[in-house]
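These notes are about the structure you will find just below.
The values are calculated or read from the model by the stated rules, or taken from the named source; none is laboratory data. Since we're looking at a predicted model, the values are computed, not measured. Glycine also receives a Cβ, built like all others from the backbone with ideal geometry; neighbour counts cover every protein chain displayed.
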């Protein structure tokens, strides 16, 4: 089904190493499938400790572990808690975000699927998304060669584009990930902040659409 220029667009603000996003990506993928042809979904990256250079402190690890447990209880998704046995791990999400940006440029239709694969690799399989070799492997699952991926991944243009995207996301006021915004005649409006299940997300979206708030 071909989408018309007036098809509503939502922006899914996310991060590949955000635990709540791991759970919510399944919701957004289901929404995109159910609304195929009637809704456009655009993935936009948010800055979650993107440029962190210090190893996780004990209190940070404990807070992160508690968060993972909450997500697991809410979503029933698998988590590899051996992550917390690592010492001196630097939790920096910039490489993963840059990789997803590259894949969005190279495989735009598959962006949500790439994001799902990155989430699963990190949270369920214990793979390190700060490791370029892991990111190359994930790109390969979607038919992108190592040379092509690295040429884009290591380019100044992509690094600058990622910085610009982080700034644009911050300008929206998106401080919680995941968040969902709807593009309307009045601008870009927040319709969901934090994790929610599909029925709640659909209800919020339908409320706005029934009020006649549609894209330009």
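Things worth noting here:
- Residue in segment 85-106 that is nearest to residue 39 (Cα to Cα), counting only those that are in a loop (DSSP other than H, G, I, E, B) and touching a residue at least 40 places away in the same chain (Cβ under 8 Å): 93
- Annotation for segment 115-131: at least one member residue is within 30 Å of residue 8 (Cβ to Cβ) and touching a strand residue (DSSP E or B) at 6+ places or on another chain (Cβ under 8 Å).
- The number of residues in segment 148-167 being more than 20 Å from residue 117 (Cβ to Cβ), part of a helix (DSSP H, G or I) and more than 20 Å from the chain's Cα centre (by Cα) comes to 3.
- Matching residues, segment 177-202, being modelled with pLDDT of 90 or more, out of contact with any helix residue (DSSP H, G or I) (no Cβ under 8 Å at 6 or more places or on another chain) and not in a strand (DSSP E or B): 199, 200
- Just one of the listed residues (109, 114) is surrounded by 15 or more Cβ atoms within 10 Å (Cβ to Cβ) and either assigned to a loop (DSSP other than H, G, I, E, B) or modelled with pLDDT of 95 or more (or both), namely 114.
- Filter result (without any contact (Cβ under 8 Å) to a residue 60 or more places away in the chain and assigned to a helix (DSSP H, G or I)) within segment 121-133: 121, 124, 132, 133
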